[in-house]
Amino acid sequence: MTKTEWEAIEKSLMTQAARVVLVCDGYRLQLRITRIAEMKLAIGFSINGGSDYLEWMKTDCEERRRFFRPYTRSVWNKSQLDMFKKLSKKQMQIRVVDPGKTFTTFYPWWNSFKALKSHLIKHNTSIELEAEF
């Protein structure tokens, strides 16, 4: 895809009624603006016309790696991390505490077009614009 095609896609996704269809390594990816909260919009998608999001989010599959937004967070909150800083290394080993432990969840929407674009380019070898309407 060319830079001008990416810019056209981004511009067309500025309106809520727009739909853009991309073909990424044989997967048909339809992008659209969706409502994810009461006053919040994001770029949602469907893959090959399906919406089996729950299954894709649960299992490590090709669709999840290619298209879902990974979101990594710490297992511990800020007050717990501050408490761990006061403990010695031996105390942390006894309590089996790893302050750097994280978990990753996957969302079926993107808050930023730039992040979506870079993720698609990184995880797909062939991206083509099928239709724009």
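The numbers here are math on the coordinates, done by the rules we state, and not lab data. These numbers were taken from a predicted model, which means no experiment stands behind them. Using ideal geometry, Cβ is built from the backbone for each residue, glycine included, and neighbour counts are taken over all protein chains shown.
For the chain, the convex hull spanned by the alpha carbon atoms encloses 153 Å³ per residue. The Cα center of the range 1-29 and the Cα center of the range 95-109 differ in position by 32 Å. Scanning the chain for long hydrophobic helices, with DSSP H runs required to stretch 27 angstrom or more by C-alpha along their axis and to average at least 0.5 on the Kyte-Doolittle scale, returns nothing.
Quick one: of Lys58/Lys101; Lys40/Lys78; Lys40/Lys114; Lys101/Lys122; Lys89/Lys122; Lys3/Lys58, which pairs are farther than 28 Å apart, Cα to Cα? Long pairs (Cα-Cα over 28 Å): Lys89/Lys122; Lys3/Lys58.
Here the calculated FRET efficiency for Leu129 and Ser74, from their Cβ-Cβ distance with R0 = 30 Å, stands at 0.20, rounded to the nearest 0.05. Computed from backbone phi, the HN-Hα couplings of the range 54-64 come to 4, 5, 5, 6, 6, 9, 7, 10, 4, 4, 5 Hz, rounded to whole numbers (Karplus: 6.51 cos²θ - 1.76 cosθ + 1.60, θ = phi - 60°; Gly and Pro given as x).
Largest mean-square fluctuation among Leu120, Leu13, Leu87, in a Gaussian network model of the chain whose springs join Cα atoms under 10 Å apart, belongs to Leu87. Here the gap between Val96 and Ile121, fully extended at 0.36 nm per residue and compared with their Cα-Cα distance, gives a gain of 5.1 nm.
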